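A short worksheet on the structure shown next.
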Amino acid sequence: KIYSNYGTDNTWSFVKNGEAISKFWRDGLIRNCAFENIITIGMRGEDDSLLLSEDATLEDNINVLKKAILEQYRLLKENVSPDLKDIPKMLAIYKEVEDFYYGDAQTQGLKDWDQLEDVIFLLSDDNFANTRGLPTREDRDHKGGFGMYYHFDYHGAPISYECVNCTTLPKIWDQMTLAYDSGVKKLWIVNVGDIKFNELPLSYFMDLAYDYEKWSLPNLTDRYLKEFVDRNFAGDVSDRRKNDIIRFTELFTRMNSIIHPETVLPESFAPAAFCETKGMIALAKEIIELGDSIRGSIEATSKIAFESLFYFQGMASAYSMLANLYAGMNRFLAGRGALRANDYIPLIEEMIAADQSVVKEFHEWQDSKWKYMLASAHTGFKNWNDDIWNYPASMKVYPLDRRAVLFSFEDSTFFHTGSMWTDSRKLESFVLADSDRLETSFFIDLKAPFAFDYKLLCEDTNITISPSSGHFDPTASSYLEIRIGADRKRLESKGPAEIEVVLDFGEKTAPMNETIIKDRIFVHYAPLDTGSELFIHRSECGVIVIPAANYASATDSEEGSFILVKGLGRTGNAVKAAPFEKYFREVEDKPYLEYLFETNGPGEYRIDFYTLGRNPVVMGEAMRFDISVDDMDPVTITTCDTDYKTHFTNALWSSNVMTGINVASTTAHLMSGLGSLKVYAGDPNVAIEKIVISPVGLKVPETRLGPCFTSNIIMR
């Protein structure tokens with residue numbers, strides 16, 4: 001009990017226990033005075049809380065802080081140097097004290113107190129690697145300068161992330177170059193939690209700080225990762241394998257940035273809509289296959305380096321992700337009563353066992369060098385911490401006593417049963433019309449294990465069906481997957497194609513058993529968009545998805561331009577305006593991007609802008625940018641308003657950091673055919689991932705990543 005060295009009271013209160021706390025500070029100065037130091041001044045409450053009770057005024061809190069700082073100055077003069085200007089000092093502006101830093105209209109904040117003119121003001125991100133509250137142009141001449149306290153790891157609300165690396169290099173580049181351009185140039189500190197598994201982002205953060213001119217502009221994070229791999233895997237690793245290591249690292253880090261492992265639950269991704277879960281399963285499987293392939297093909301110290309830096313954390317992330325994805329599919333299918341749900345139960349168990357195995361192996365690896373470094377819970381959090389967490393549970397489906405089937409497409413949440421009473425909604429797939437794929441899957445799911453003969457009839461010669469007929473044996477599988485495709489590279493017309501599905505169960509063995517079950521399904525198809533000089537975005541299902549990087553034209557102004565930042569979005573690239581810290585106010589000063597699209601008909605449309613979950617650069621400001629549809633008057637889009645707070649009690653901020661995205665919307669009347677959308681630069685820190693246009697009233701399925709018409713979750 002350290003407090004007993006200084007008195008009988010362990011209260012961390014400068015008001016009630018100032019003498020003991022002052023002695024504690026003095027001993028710290030004496031202990032460290034022989035080293036090079038930047039002295040942290042000020043204080044906050046116990047357990048990262050407020051200084052005083054909640055009923056204390058702002059002025060009361062500021063006065064207590066001033067009193068504490070003046071006492072610290074006295075101790076510095078006595079124990080370090082009589083001239084305070086010779087002592088590097090910083091004041092950390094944590095969330096708990098930032099109101100005291102700013103003050104209000106009636107009370108002067110600490111930032112304007114003359115006793116702090118040579119003190120570094122250490123600003124803090126929002127604990128999720130998003131900068132906030134950067135210096136205004138008026139504040140940037142502060143003599144002491146500014147610093148940044150950044151996070152790769154966090155223990156707190158709305159949810160902790162502490163186990164593996166979740167921060168991509170492009171995000172660090174994006175936020176720290178913004179901070180630097182805003183005057184944060186004196187001191188950079190990063191909270192990594194455990195250095196283990198954060199070696200790559202930590203190295204990049206420090207190298208960016210050490211040689212800012214080399215790594216700042218343009219974005220060279222690809223080059224940095226290549227040099228990092230070359231440096232750590234020199235000699236006995238081929239260039240092909242180095243590229244595989246780069247790919248492996250990019251994939252699992254990107255996956256962890258899409259959703260932190262602690263946050264993953266069975267319901268995190270849509271099981272059918274836009275094939276989201278299918279894409280995530282493919283991603284996690286690629287990580288596992290690539291990791292094992294690399295591990296099995298390199299030797300000696302390079303193998304140890306790969307395992308230590310990347311392999312174990314990447315595999316643990318992928319196994320826990322797959323366990324939850326399989327559980328999500330299990331629950332989705334069980335809700336329909338499909339026996340296929342049971343196929344996922346052993347897969348869930350396999351992935352949980354694999355996760356536990358790789359954790360155990362790591363703790364014993366290299367004579368237990370890193371024992372317990374993967375011991376913290378890293379999936380299934382139900383709370384902000386691991387007080388309540390679980391591996392995903394599974395659901396078992398019991399077969400019915402009569403013939404019953406389900407017809408469904410892989411990209412649709414709807415299904416048919418072959419009944420005129422329940423199949424009122426058309427069953428259709430848009431994969432071959434709106435994605436980059438050449439095939440889609442049609443499923444016939446059993447609810448009871450009965451054999452049947454089947455045939456799928458289609459008069460449209462553009463469509464291929466495999467298999468188109470045959471006999472189904474329920475002892476071999478609980479479902480039949482049929483691949484429907486089209487040679488989209490040669491198509492000159494559009495669908496849809498109508499397909500008749502006929503199941504023949506043979507003789508009637510019970511009163512409730514049907515012998516013939518029929519259905520009609522529709523597959524929309526269109527020629528594959530192979531790209532052109534002008535991106536023109538269109539859709540058959542009515543939902544137009546425009547990756548922000550796929551603009552038709554970019555128009556710069558004398559004041560700035562838009563830049564494309566590779567890998568900044570959750571699944572690919574993003575665009576943002578430069579200079580990064582600039583406010584674009586006048587119309588003639590605003591650079592803009594123009595997007596072209598085609599609608600299926602006139603009417604009211606909703607336009608969703610998927611902006612990255614960022615914060616205003618100045619506390620209390622909004623984040624806005626303008627758009628114009630078909631050269632009409634500009635409309636202002638607000639991503640967050642002046643009441644926005646970077647606190648877990650603020651629903652928007654919590655959503656931003658949990659999902660990584662902030663969807664801002666507007667509506668517009670669009671004519672049929674070709675349309676134009678211009679996006680103008682506005683406030684700093686706005687980065688756009690994609691734009692989604694859909695008719696008002698059309699219910700677009702909810703997904704974590706938003707509508708997406710690509711077979712690859714992460715764009716190469």
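Readers should treat all values here as calculations from the given coordinates under stated rules, not as data from a laboratory. Small disclaimer: the values here were computed from a predicted structure and weren't measured. Because the Cβ atoms are built from the backbone with ideal geometry, glycine has one as well, and the counts that use them run over all protein chains shown.
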Give a residue-ordered list of calculated ³J(HN,Hα) values for the stretch 516-528 (Karplus: 6.51 cos²θ - 1.76 cosθ + 1.60, θ = phi - 60°; whole Hz; x for Gly, Pro).
-> 10, 10, 10, 7, 10, 10, 10, 10, 7, 9, 7, x, 5
Determine the distance separating the Cα centre of the stretch 1-63 from the Cα centre of the stretch 182-239; give it in Å without decimals.
-> 35 Å
Calculated from backbone phi, Karplus (6.51, -1.76, 1.60) coupling profile of the stretch 86-103 in Hz, x at Gly/Pro = 7, 10, x, 9, 9, 10, 7, 8, 6, 4, 5, 10, 5, 4, 6, 5, 7, x
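May I ask you to order 619-629, 186-196 by the average number of other C-beta atoms within 10 Å around their residues, highest value first? Please list the in-between numbers first.
Details: 619-629: 18.9, 186-196: 17.0.
Averaged packing, sorted descending, gives the order 619-629, 186-196.
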Kirkwood-based shape ratio for the chain, expressed as Rg/Rh from alpha carbons = 1.02
Cα→Cβ-extended label distance, 7 Å offset, between Ala56 and Glu588, nm = 5.3 nm
Could you pull out every one of the lysines with an alpha carbon less than 22 Å from that of Lys111, ignoring same-chain neighbours closer than 8 positions?
-> Lys66, Lys67, Lys85, Lys89, Lys95, Lys143, Lys185, Lys186, Lys645
Could you tell me the distance between the Cα centroids of the stretch 87-161 and the stretch 399-454, to the nearest Å?
-> 56 Å
What does the convex hull of the alpha-carbon atoms of the stretch 336-482 project to on average, in nm²?
-> 14.2 nm²
Between 0 and 90°, nearest 10: helix 58-79 axis offset from the chain longest Cα axis = 60 degrees
For Asp460 and Glu604, calculate 0.36 nm times their separation in residues minus their Cα-Cα distance, and state this gained length in nm to one decimal.
-> 48.5 nm
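Quick one: in the stretch 2-228, what % of C-alpha pairs are over 25 Å apart? Write down the numbers at each step before the final one.
Values: 12304 of 25651 pairs.
In whole percent, the long-distance tail amounts to 48.
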Given Cα pairs under 8 Å that are at least 6 residues apart, what percent is the relative contact order of the chain?
-> 10 percent
Relative to the first principal axis of the alpha-carbon coordinates of the chain, what is the inclination of helix 344-368, with its axis defined by its Cα atoms, in degrees from 0 to 90 and to the nearest 10?
-> 40 degrees
For the stretch 251-273 and the stretch 558-593, what is the separation of their Cα centres, given in Å?
-> 28 Å
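Suppose R0 equals 25 Å; then what is the FRET efficiency for Leu698 and Lys494 from their Cβ-Cβ distance, rounded to the nearest 0.05? Walk me through the numbers before you get to the answer.
Working: r = 19 Å, r/R0 = 0.77.
E(calc), rounded to 0.05, equals 0.85.
Using alpha carbon coordinates only, what is the Rg to Rh ratio of the stretch 436-525, with Rh defined as the Kirkwood radius? Could the numbers behind the result be given before it?
Details: Rg = 14.9 Å, Rh = 14.3 Å.
Radius of gyration over Kirkwood radius for the stretch 436-525 works out to 1.04.
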Longest to shortest principal axis, alpha-carbon extents of the stretch 585-716, angstrom = 43, 39, 32
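Do you know the relative contact order of the stretch 234-392, to the nearest whole percent, from alpha carbon pairs under 8 angstrom that are 6+ apart? Please list the in-between numbers first.
Working: 180 pairs, mean separation 41.6, N = 159.
Relative contact order here is 26 percent.
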Amide H to amide H under 5 Å from Gly613: which residues, 5+ apart in sequence or cross-chain, H placed 1.01 Å off N in plane?
-> Ile661, Asn662
From the backbone phi of the stretch 540-557, what are the Karplus-calculated ³J(HN,Hα) couplings (6.51 cos²θ - 1.76 cosθ + 1.60, θ = phi - 60°) in whole Hz, Gly and Pro given as x?
-> 8, 7, x, 9, 9, 10, 10, x, 4, 6, 9, 7, 7, 7, 10, 10, 7, 10
Sorted by chain and number, the residues with a modelled amide H under 5 Å from that of Leu122, at a separation of 5 or more or across chains, are Leu91, Ala92, Ile93, Gly147
Under 5 Å from the placed amide H of Leu51, counting only residues 5+ away or on other chains, we find Gly45
Mind listing the Cα extents of the stretch 442-584 along all three principal axes, in Å, largest one first?
-> 80, 33, 23
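Give, as a single signed number, the net charge of other residues whose beta carbon lies under 10 Å from the beta carbon of Ser394, with Lys and Arg counted +1 and Asp and Glu -1.
Values: positive: Arg331, Lys396; negative: Glu349.
Neighbourhood net charge equals +1.
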Order these peptides, 461-467, 562-568, 677-683, by their mean beta-carbon neighbour count within 10 angstrom, highest first.
-> 677-683, 562-568, 461-467
Counting each DSSP H run of 4 or more residues in the chain as -39500 (n - 2.57), what helix-only mean residue ellipticity at 222 nm follows after dividing by all residues, to the nearest 500 deg cm²/dmol?
-> -8500 deg cm²/dmol
Starting with the highest mean, order 453-460, 432-439, 176-183 by the number of other Cβ atoms within 10 Å, averaged over the residues of each peptide.
-> 176-183, 432-439, 453-460
In degrees, nearest 10, the alpha-carbon axis of helix 312-336 is tilted away from the dominant principal axis of the alpha carbons of the chain by 50 degrees
Loop-located GluC sites (Glu not before Pro) in the stretch 544-586 whose Cβ has at most 13 other Cβ within 10 Å (DSSP) | Glu558, Glu586
Name the lysines eligible as straight-distance cross-link partners of Lys518: C-alpha to C-alpha under 17 Å, and not fewer than 8 places from it in the same chain.
-> Lys426, Lys447, Lys455, Lys508
Net lengthening on full extension, Asp487/Glu117 (0.36 nm per residue, minus Cα-Cα) = 126.2 nm
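Mean separation of Cα pairs under 8 Å and 6+ residues apart, divided by the residue count of the stretch 536-695: what relative contact order is that in percent? Walk me through the numbers before you get to the answer.
Values: 396 pairs, mean separation 57.9, N = 160.
For the stretch 536-695, the relative contact order is 36 percent.
Going down the list Lys285/Lys396; Lys285/Lys371; Lys171/Lys226, which pairs span over 19 Å between their C-alpha atoms? Could you put the intermediate results ahead of the total?
Numbers: Lys285/Lys396 24 Å; Lys285/Lys371 27 Å; Lys171/Lys226 17 Å.
Beyond 19 Å: Lys285/Lys396; Lys285/Lys371.
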So which trypsin sites (Lys or Arg not before Pro) in the stretch 304-405 pass both tests, a DSSP loop state and at most 16 other Cβ atoms within 10 Å of the Cβ?
-> Lys369, Lys371, Lys382, Lys396, Arg402
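Please go through the stretch 79-110 and write out the chymotrypsin sites (Phe, Trp or Tyr not before Pro) that DSSP classes as loop and that have at most 16 other C-beta atoms within 10 Å. Let's see the in-between values first.
Values: sites: Tyr94, Phe100, Tyr101, Tyr102; in loops: Tyr94.
In loop regions of the stretch 79-110 (DSSP not H, G, I, E or B), the sparsely surrounded chymotrypsin sites (Phe, Trp or Tyr not before Pro) are Tyr94.
If the viscosity is 1.002 mPa s and the temperature 20 °C, what translational diffusion coefficient in µm²/s does Stokes-Einstein give for the stretch 89-201 when Rh comes from Kirkwood over Cα pairs? Write out the running numbers ahead of the final one.
Numbers: Rh = 14.9 Å.
It diffuses with D of about 144 µm²/s by this estimate.
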